[in-house]
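These notes concern the structure reproduced below.
The values are calculated or read from the model by the stated rules, or taken from the named source; none is laboratory data. Because the structure is predicted, anything quoted here is derived from the model rather than measured. We place every Cβ from the backbone using ideal geometry, glycine too, and count neighbours over all the protein chains shown.
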Amino acid sequence: MNPTGQSAVFGRRKEPHTVIIARGNEIRHFTIRPWLAALLGSALAAIAIGYLLATSYLVLRDDLIGATTARQARMQQAYEDRISALRAQVDRITSRQLLDQQLMETKVSELIERQSQLSQRHGRLGPILERAENEVGTPPATDAAAAAKPDEHAELTGGEPLAYSVASLGSSDTRPFSLWSTRTDPLPSETAADRADKLFVTINESLKTIESQQLTRIDTLADNAYKNADAITQVLEAAGLPVDSDFGKNESDVGGPLIPLNSSMMFDSKVKELDEALDTLDQLKKEARRLPLANPAPGHSVTSPFGVRTDPILGTAALHSGMDFRAPVGMAAKVTAAGVVTKAGWNGGYGRMVEVDHGNGFATRYGHLSEIDVAVGQKLAAGDTIGKTGSSGRSTGPHLHYEVRHNGEAIDPLRFLTVGKKVEQYL
């Protein structure tokens, strides 16, 4: 047995450390176990490490706080920049929307104003077009297509059907866009503003078309009125009958500064021109109607014309101052133009005779009547009955003796009857 207590298996045995403290006559000693030494060393090491860490934190704390603050500041600046960019974008969008709204309101105001003008024009055109159709009549076949065009869009000339599409084009109303989408499929990239612009263009073109059609119709009616007036004038002048000297004058010798017309002035000018043409035509019609151009016995043959003939009673050459129409006893004798009765009674060889004054020196006589139904001073309209035919006076049989006189001088009635047939369609 080993007297020192060492083990051959585990080697030398470690003995605990003994600390001896001597002070004067006193001696003290402490035994320190290995595990206690290890615990104390660990505690000291932990304290040292903690101290170092605390010292490092205290030394580096300002740098760490500064870095964190800087990072937060950078993040805040980035957020503020992003917010500013978004705010600027929102401002741009808002500004664009305001501009679009103002532009749309301006366009809507223009369209409503033009529509109002068209409505007012249609109100002015109604009476004058009715008068033109009554005065001019049906336009010629060559102008029928042009005259019919406004009727194809008659629903637009009144202004009411367009009211919903113009008045409803508000910036906050989406109906114009849906209205447009029913007409044309929008492209995928097409915006509402683009569709609104296209709708404005479409309505604007429609309004321009209506204006053009109105002006075309006015021009057509004015041309027809002048053509009819010119035709009446030519017929009257060719027959040597009086006509208004102011009509048909040479209008090529004119001049003056060039002043461009806007649509409103153009419309007023065209309406004025049509009104003047209708006044001219109406004046010529009145003048023509005052002339004895109608047939006093329509459908009855002429038995003796105007001029030199053999007298039916004496058999010698004599002047026949009128025309004789074959007519049975009792047939109604009608006046050929409006006038005033100046004679109504027995008048020598005329027998029972009626004389009517038509103005401008023109008068007509109706002789050999069997009955007189008018009195002196009575006003007559064209076609009124003045009496009944017969064979009174110097006559060989029942007939109607008809005369046309100008300033008391007998003229050939055939000239008036020929003119009457030519201008009948215009009167």
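Assorted remarks:
- Annotation: residue 281 fulfils all but one of (1) buried (at least 16 other Cβ atoms within 10 Å of the Cβ); (2) assigned by TED's automatic domain parsing to the domain that holds residue 412; the unmet one is (2).
- Residues in the stretch 223-255 that are farther than 18 Å from residue 286 by Cα, surrounded by fewer than 15 Cβ atoms within 10 Å (Cβ to Cβ) and either charged (D, E, K, R) or modelled with pLDDT of 70 or more (or both): 238, 249, 251, 253.
- Residue in the stretch 315-324 that is buried (at least 21 other Cβ atoms within 10 Å of the Cβ), without any contact (Cβ under 8 Å) to a residue 40 or more places away in the chain and in contact with a strand residue (DSSP E or B) (Cβ under 8 Å, 6 or more places away or on another chain) present: no
- Considering the stretch 316-427, the qualifying strands (runs of 3 or more DSSP E), each wholly inside and each with 2 or more residues that are over 22 Å from residue 306 (Cα atoms), run over 339-346, 362-372, 385-389.
- Selection from the stretch 347-361 of residues that are touching a strand residue (DSSP E or B) at 6+ places or on another chain (Cβ under 8 Å) and touching a residue at least 60 places away in the same chain (Cβ under 8 Å): 358, 359
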